[in-house]
1. Tell me the residue from Glu27, Glu53, Glu60 that is farther than 11 Å from Ile4 by Cβ and among the acidic types (Asp, Glu), please.
2. Which of the residues that make up region 72-87 are over 15 Å from Leu16 (Cβ atoms), within 13 Å of the ligand (Cβ to nearest atom) and either touching a residue at least 40 places away in the same chain (Cβ under 8 Å) or small (Gly, Ala, Ser) (or both)?
3. Within region 1-32, which residues are surrounded by fewer than 14 Cβ atoms within 10 Å (Cβ to Cβ), touching a Lys or Arg at 6+ places or on another chain (Cβ under 8 Å) and without any contact (Cβ under 8 Å) to a residue 40 or more places away in the chain?
4. If the Cβ limit is 6 Å and pairs must be 6+ apart or interchain, which residue in region 37-58 that is β-branched (Val, Ile, Thr) pairs with which residue that is surrounded by fewer than 17 Cβ atoms within 10 Å (Cβ to Cβ) and modelled with pLDDT under 95?
5. Mind checking which residues of region 33-61 are of a type outside the set (D, E, K, R), more than 8 Å from the ligand (Cβ to nearest atom) and loosely packed, with under 14 Cβ neighbours inside 10 Å?
6. Please go through (1) within 11 Å of the chain's Cα centre (by Cα); (2) modelled with pLDDT of 95 or more; (3) not charged (D, E, K, R) for Val85 and return the number of the only condition it doesn't satisfy.
Amino acid sequence: MFRIDVDNINGKNESLYVFGDESILTELENNNILINYNCRQGHCGSCILQLLEGDVMHQECLVPLSSGEILACQARPASDIKIAVRG
Ligand code: FES
């Protein structure tokens, strides 16, 4: 079980508790936290979030990411993490 601390997405700070078997995008949606996305396949970059703390595992990732960026549609938590929208 991992904790996802969500820092000010849609004006909310929340903590989610997840098993790590779904993408961060899906976990956020399951908790009514909506972020931008388009392809859901790691191609478009619409779902980029900032990883503030912790580690994630990416599955498909065809978008060049800067340091600290993750693709919400492809990343799953590998530890407790803290994320924020790109600002
Ligand atoms: S939704 Fe396209 S890369 Fe995540």
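The values are calculated or read from the model by the stated rules, or taken from the named source; none is laboratory data. What you see is a predicted model; the values in this text were computed from it and never measured. Every residue, glycine among them, receives a Cβ derived from its backbone with ideal geometry; neighbour counts consider all protein chains shown.
1. Numbers: Glu27 fails: farther than 11 Å from Ile4 by Cβ; Glu53 fails: farther than 11 Å from Ile4 by Cβ.
Only one candidate passes the filter, namely Glu60.
2. Cys73, Gln74
3. Residues satisfying the conditions are Ser15, Tyr17.
4. Hits for this filter: Ile48/Arg86.
5. Leu34, Leu52, Met57, Gln59
6. If we test Val85 against (1) within 11 Å of the chain's Cα centre (by Cα); (2) modelled with pLDDT of 95 or more; (3) not charged (D, E, K, R), just (2) comes out false.
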